[in-house]
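Derivation of every value follows stated rules applied to the coordinates shown; laboratory data play no part. Just so it is clear, the structure is predicted and the values come from calculations on it, not from any experiment. Cβ atoms come from the backbone with ideal geometry, glycine included; neighbour counts cover every protein chain shown.
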Amino acid sequence: MEISIRKGTEADIAQALTLVKELAAYEKAPQEVEVTPEEMTAWGFGPDKQFDFFVAEVNGVIVGLALYYFKYSTWKGKCLFLEDIIVTESQRGKGLGKLLFDRVVQVSKETRVRRMEWQVLDWNTPAIEFYKKYAAGLDGEWINCKLTNHQLEKL
């Protein structure tokens, strides 16, 4: 089995979105994926670039994704936010998630961010156990807040 982790390219967008949809189904929210391949391409590679990503390949086939972006904290300064780390179901448990996560940790170190952040659903025990291996702080104090596009349009 030949495994590689590499920076994502425009040509990877369609497969990246397939993995995003697989994650949404796993998280019991498949209807929530609204982004299109064209939007992902524009926001990942256009003049209004919003994110970067790595892909995991097994024998030349993309089976994993780690998508991240930079944000700013008034307390800490520049931070990296890991939006999603996804490994297709048939390839889980083979160390690909660790390879992807480690690559994002490497970017965090290289770019000298003051904090790397991500979220995990409270019922996702395999992911929680994975992050505990890194001695990650799992903060139950903060409540996530959001306004959807529909809600924003009403305001």
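General observations
- Single unsatisfied condition, Met116 versus (1) over 20 Å from Lys49 (Cβ atoms); (2) in a strand (DSSP E or B): (1)
- Residue match in the stretch 31-43 (condition: among the β-branched types (Val, Ile, Thr) and assigned to a strand (DSSP E or B)): no
- Residues of the stretch 36-62 satisfying the condition of being over 23 Å from Ser108 (Cα atoms) and touching a Leu at 6+ places or on another chain (Cβ under 7 Å): Pro37
- Scan of the stretch 94-114 for residues that are of a type in the set (Gly, Ala, Ser) and either in contact with a Pro (Cβ under 9 Å, 6 or more places away or on another chain) or surrounded by 14 or more Cβ atoms within 10 Å (Cβ to Cβ) (or both), ordered by number: Gly97, Ser108
- The stretch 77-91, subset over 15 Å from the mean Cα position of the chain (by Cα) and farther than 16 Å from Val20 by Cβ, residue surrounded by the most Cβ atoms within 10 Å (Cβ to Cβ): Lys78
- Here Leu19 clears all of (1) of a type outside the set (Phe, Trp, Tyr); (2) farther than 23 Å from Gly137 by Cα; (3) surrounded by 14 or more Cβ atoms within 10 Å (Cβ to Cβ); (4) in contact with a Lys or Arg (Cβ under 8 Å, 6 or more places away or on another chain) except the condition numbered (4).
- Assessment of the stretch 73-85 against the conditions (part of a strand (DSSP E or B) and in contact (Cβ under 8 Å) with a residue 60 or more places away in the chain) yields at least one matching residue.
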